[in-house]
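Participant: Sharing a structure here in structure tokens format.
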Amino acid sequence: MDWNRVKMKAIILAAGPTLSVKQAKNYPLYFPEDSKPKCLFHFGGEILLERQVRLLNECGVTDIRVVVGYKKEMIQQFIEEKKWDVETVYNPDYPPGNAFLDGRKTGRGWLKGLTSVRVGLQGVDDDVLVTLGDVSLHENGLTRILQDKYKQAVIKFNLFKISKEKLPLLRKYRKPGLAKSLYDFIIVHDGVIIGSTENPKWYHQIADVDYYLQTDEGTATFKKIGMVREELIDLPTDEVIRLLREET
């Protein structure tokens, strides 16, 4: 494949809030209060959004749009500082961080997640590659999905390829959830699942960064605290909040 001629728009969904320990209550490994967007945290020595843009560009996908919402100014400023030719679009209807308190089906984008997809698709008439802002991508995974002969394809619940012919249907698609809904949409419309049966090394290196402890910042913080994951899980939420406030 000629990576200089990939006619496809990449959409990075980064509107959702960074869920804090206080909001999540029973999930003490979430983030400190009032954290920056998750896409701006480091993972493996590189900022998540920077890694995504770099790998997309290296694979020939240069038409990139980021859907922002929570602390949108921080993401927009980061993009401006990097001098990237990357567009941002605002989703005013991103789910509030405290939606998690009402249960999994209404938090973390489960109820309103597809609003970001519809915002991201506005005015788009190309094949699209959709990913989430808190995903660490891998070059081999990107190459594999771009080269795949099927027009609809998915890797894990992290990377979704959808043809322009299916975009009108996706814009009308109404189902709670984000990643699972996109996954279901692709399978229903003759898509394929890539990587799970092949079990390549890169498949396991595409990672969701859901917890503060997964980030480089979180690892450094908890190293200062001197506690491991198992010990933190057993701590009362208020105690975890206190420790994070002291170290962040």
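Participant: So which of 101, 129 ends up being modelled with pLDDT of 85 or more and of a type in the set (A, V, I, L, M)? Working first, answer last.
Facilitator: Details: 101 fails: modelled with pLDDT of 85 or more.
The match here is 129.
Participant: Going by the conditions given, is residue 89 modelled with pLDDT of 90 or more and under 15 Å from the mean Cα position of the chain (by Cα)? First the steps, then the outcome.
Facilitator: Details: modelled with pLDDT of 90 or more: yes; under 15 Å from the mean Cα position of the chain (by Cα): no.
Taking the combined requirement at face value, the residue does not satisfy it.
Participant: Cβ-Cβ distance below 7 Å, separation of 6 or more or different chains: which pairs start in the range 119-133 with a residue that is within 19 Å of residue 51 (Cα to Cα) and end on one that is at pLDDT below 95 and basic (Lys, Arg)?
Facilitator: What qualifies is 133/38.
Participant: Give the number of residues within the range 143-201 that are among the acidic types (Asp, Glu) and more than 20 Å from residue 6 (Cα to Cα). Break it down into steps so the answer makes sense when it comes.
Facilitator: Applying the first criterion (among the acidic types (Asp, Glu)) to the range 143-201 yields 148, 165, 184, 190, 198.
Restricting the remaining residues to those that are more than 20 Å from residue 6 (Cα to Cα) gives 184, 190, 198.
So the answer is 3.
Participant: Something else now. Please enumerate the residues belonging to the range 184-220 that are under 17 Å from residue 161 (Cβ atoms) and either under 18 Å from the mean Cα position of the chain (by Cα) or crowded, with 20+ Cβ neighbours inside 10 Å (or both).
Facilitator: The answer is 184, 185, 186, 191, 194, 195, 202, 203, 206.
Participant: Right, another one. Within the range 6-24, track down each residue that is in a strand (DSSP E or B), among the small types (Gly, Ala, Ser) and modelled with pLDDT of 70 or more.
Facilitator: Of the residues in the range 6-24, the ones in a strand (DSSP E or B) are 9-14, 20.
If we keep only those that are among the small types (Gly, Ala, Ser) as well, we get 10, 14, 20.
The answer is 10, 14.
The values are calculated or read from the model by the stated rules, or taken from the named source; none is laboratory data. Model, not experiment: these values are computed from the prediction. Heads up, the Cβs are rebuilt from the backbone with ideal geometry, glycines too, and the neighbour counts pull from every protein chain shown.
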